[in-house]
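K.L.:
Take this structure, written in structure tokens, and hold onto it; I'll ask about it next.
The values are calculated or read from the model by the stated rules, or taken from the named source; none is laboratory data. Computed from a predicted structure; not experimentally measured. With ideal geometry, Cβ positions are generated from the backbone for all residues, glycine too; neighbour counts draw on all protein chains shown. These area figures cover heavy atoms from the full protein model, side chains too; ligands, DNA and RNA do not enter into them. Shrake-Rupley method; radii C 1.70, N 1.55, O 1.52, S 1.80 Å.
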Amino acid sequence: MDLNTSGDALAREPETVDLAVIGAGPAGMTAALYGARSGLTTLLFERLSPGGQCATTEHLENYPGYSDSTSGFDLAMKMHAQASAFGVRTVTEEVTSVDLSVTPNLIATPFGSYRARTVIVATGATPAQLGLPHEDELRGRGVSYCATCDGNFFRGRDVAVIGGGDTAVADVIYLARICRKVYLVHRRDKLRATAIYHERLRQLDNVELCWDSVAEELVVEDGRVAGVRLRNVKTDEGRVLDVAAVFIAVGMRPNTAFLAGDLELDQSGYVIADEMGRTAMPNVFAAGDVRVKELRQVVTAVADGANAATAAADYLDWRK
Amino acid sequence: MSEVISSADFQSKVLEAPGKVLVDFFATWCGPCRMLAPVLDEVAAENAAVKVYKVDIDQSPDVAARYGVTSVPTLVVFVDGQVVNQTVGAQPKQNILALLNA
């Protein structure tokens with residue numbers, strides 16, 4: 001059987017646009033909106049539905065102006081409709097490579113190629129998984145990668161956080177305010193988190209630190225997390241924590257593999273760019289979670305998108 | 001939108017259907033399922049030779065159990081009613097085409 005793998009872009013010369021935005025999360029959709037409103041012909045590339053991590057967030061409670069009943073998916077759909085209304089064209093294809101050495105830049109997907117005078121990389125990041133059995137299917141059923149997103153669902157319950165970096169400790173501090181008891185499970189005997197967090201952690205009386213411990217198994221009851229089985233790596237002792245949720249904070253993995261070293265990345269793989277999204281390449285910008293930054297939230301992503309599109313428009317003006 | 005089929009339709013539309021059928025086991029509460037939906041719609045629109053159906057695992061738990069679905073979304077490819085391939089998780093179009101062509 002011949003399946004249509006050609007898409008609509010393979011047969012002809014690649015079309016050239018002013019701006020290609022790669023990734024349709026909040027940063028990318030906002031960048032595309034601002035780009036189109038600046039008069040730039042704009043293509044928005046996305047491998048799945050628009051929305052990114054935001055679209056998989058059940059309740060979005062910390063985006064200003066939206067009430068507690070807003071789902072991340074609904075907000076994402078509104079952002080996408082808004083960008084589309086201003087002329088943004090969405091290409092539902094995964095960008096597999098970007099050739100920044102040619103002008104205009106050449107963007108390739110499995111279905112064709114496109115040329116763009118400016119590129120905004122807004123491919124986001126994916127929370128790193130722990131690799132526990134059933135971890136995937138329990139996501140949203142007691143396994144979470146975002147304490148500030150999901151912590152409220154476990155108000156008054158006992159929960160565990162796995163990790164030892166700033167994110168893990170910030171999660172513990174956040175969760176300690178709303179949960180009955182919070183266990184912090186770390187594989188070493190000291191935290192990587194910065195000093196200020198240690199002090200705050202010591203002041204919390206409903207936090208128990210489980211040092212030298214690794215999570216080995218999720219305990220499941222009725223299709224939901226009911227606990228987590230730990231093993232002490234020094235004593236080999238086992239222990240089960242009875243918790244309603246396990247928050248995994250063992251780092252993020254930025255989605256930058258397709259860049260193949262063309263842009264400067266930090267040691268964790270995030271694109272090095274300033275607040276306006278400017279990278280070392282004058283026509284290439286980064287916005288949202290994929291960029292080096294402190295706080296990765298929808299609200300900082302949309303700000304990044306607006307900045308990067310403005311910088312891209314400025315670049316095109318300056319070139320004229 | 002790809003058609004959501006019930007347990008009752010599964011026999012005639014999937015198991016007794018000639019040729020290739022792609023079934024998406026999904027749940028309404030599943031974020032990645034919603035992310036995958038437009039990709040499946042595109043695959044269906046561009047490949048008339050493949051039938052694409054969705055099975056709501058909460059409405060049709062019997063069908064989901066029969067195919068051992070323990071995670072959503074799960075995609076299963078049938079040829080002449082026989083399972084030939086399956087995968088778990090939201091994935092871009094090229095992966096789904098590869099799954100169909102394998």
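K.L.:
Please report the net charge: other residues with Cβ closer than 13 Å to the Cβ of A:MET276, K and R +1, D and E -1.
P.N.:
Residues close to A:MET276 contribute a combined charge of -1.
K.L.:
Using 20 Å as the cut-off for backbone N distance, which residues of the range A:91-115 belong to the label zone defined by a point 7 Å from the Cα of A:ARG319 along Cα→Cβ?
P.N.:
In the range A:91-115, the label zone of A:ARG319 (backbone N under 20 Å from the point 7 Å along Cα→Cβ) covers A:97-109, A:113-115.
K.L.:
Across chain A, how many lysine pairs, 8 or more apart or on two chains, come within less than 25 Å at their alpha-carbon atoms?
P.N.:
Within chain A, the lysine pair count is 4.
K.L.:
Mean-square fluctuation check for chain A, GNM, Cα pairs under 10 Å: which of A:THR194, A:THR70, A:THR56 is largest?
P.N.:
Taking springs between Cα atoms under 10 Å, the residue moving most is A:THR194.
K.L.:
Pull out a ≥ b ≥ c, the square roots of the eigenvalues of the alpha-carbon gyration tensor of the range B:57-102, then state rounded if a/c is under 1.5, prolate if not and a/b is larger than b/c, and oblate in the remaining case.
P.N.:
Because a/c hits 1.5 or more and a/b fails to exceed b/c, the range B:57-102 counts as oblate.
K.L.:
If I take the Cα coordinates of chain B and project them onto the principal axes, what are the three extents in Å, biggest first?
P.N.:
31, 29, 22
K.L.:
Arrange the peptides A:290-300, B:56-66 so that the one whose residues have, on average, the most other Cβ atoms within 10 Å appears first.
P.N.:
Ranked by mean Cβ neighbours within 10 Å, highest first: A:290-300, B:56-66.
K.L.:
Just the number, please: percent antiparallel of the DSSP beta bridges in chain A, rounded to the nearest 5.
P.N.:
Antiparallel: roughly 40 percent of the beta bridges in chain A.
K.L.:
Under 17 Å Cα-Cα from B:LYS93, which aspartates and glutamates qualify once same-chain neighbours fewer than 8 residues away are excluded?
P.N.:
A:ASP2, A:ASP8, A:GLU46, A:GLU93, A:GLU94, B:ASP24, B:ASP41, B:GLU42, B:GLU46
K.L.:
Give the ranking of B:VAL50, B:VAL4 by solvent-accessible surface, highest area first, calculated with a 1.4 Å probe.
P.N.:
Solvent-accessible surface, decreasing: B:VAL4, B:VAL50.
K.L.:
Please list the non-local residues whose amide H lies under 5 Å from the amide H of A:LEU209, H modeled 1.01 Å from N, same-chain partners needing a gap of 5 or more.
P.N.:
Distant-sequence amide H within range of A:LEU209: A:LEU184.
K.L.:
What does the charge count near A:GLY87 come to, summing +1 for each Lys or Arg and -1 for each Asp or Glu among other residues with Cβ under 15 Å from its Cβ?
P.N.:
0
K.L.:
If packing is taken as the average number of other Cβ atoms within 10 Å across a peptide's residues, how do A:124-131, B:30-37 rank, most packed first?
P.N.:
Descending mean neighbour count gives B:30-37, A:124-131.
K.L.:
When the accessible area of chain A is computed with all protein chains present and a 1.4 Å probe, what percentage of it is carbon and sulfur?
P.N.:
Carbon and sulfur: 47 percent of the exposed surface of chain A.
K.L.:
Arrange the residues A:HIS198, A:HIS134 by how much accessible surface each exposes, largest first, with a 1.4 angstrom probe.
P.N.:
The most accessible residue leads, giving A:HIS134, A:HIS198.
K.L.:
Counting Lys and Arg as +1 and Asp and Glu as -1, what is the net charge of the other residues whose Cβ lies under 10 Å from the Cβ of A:GLY25?
P.N.:
-2
K.L.:
Using a Gaussian network model on chain A with a 10 Å cutoff between Cα atoms, which of A:ILE107, A:ILE162, A:ILE196 fluctuates the most?
P.N.:
Taking springs between Cα atoms under 10 Å, the residue moving most is A:ILE196.
K.L.:
Enter the Cα centre distance for the pair the range A:44-112 and the range B:1-79, rounded to the nearest angstrom.
P.N.:
Rounded to whole Å, the Cα centres lie 25 Å apart.
K.L.:
To continue, here is another question. Cross-link partners among lysines for B:LYS54, C-alpha distance below 16 Å, same-chain residues fewer than 8 apart left out?
P.N.:
B:LYS13, B:LYS20
K.L.:
Give me the one-decimal nm value for the distance between modelled label points at B:ALA48 and A:ARG37, 7 Å along each residue's Cα-to-Cβ direction.
P.N.:
So the two model labels end up 4.3 nm from each other.
K.L.:
How would you classify the protein assembly as shown from its alpha-carbon gyration tensor, with a ≥ b ≥ c the square roots of the eigenvalues: rounded for a/c under 1.5, else prolate if a/b is greater than b/c, otherwise oblate?
P.N.:
Oblate, since a/c reaches 1.5 and b/c is not below a/b.
K.L.:
With the cut-off at 1.5 for a/c, could you classify the range A:77-125 from its C-alpha gyration tensor as rounded, prolate or oblate?
P.N.:
prolate
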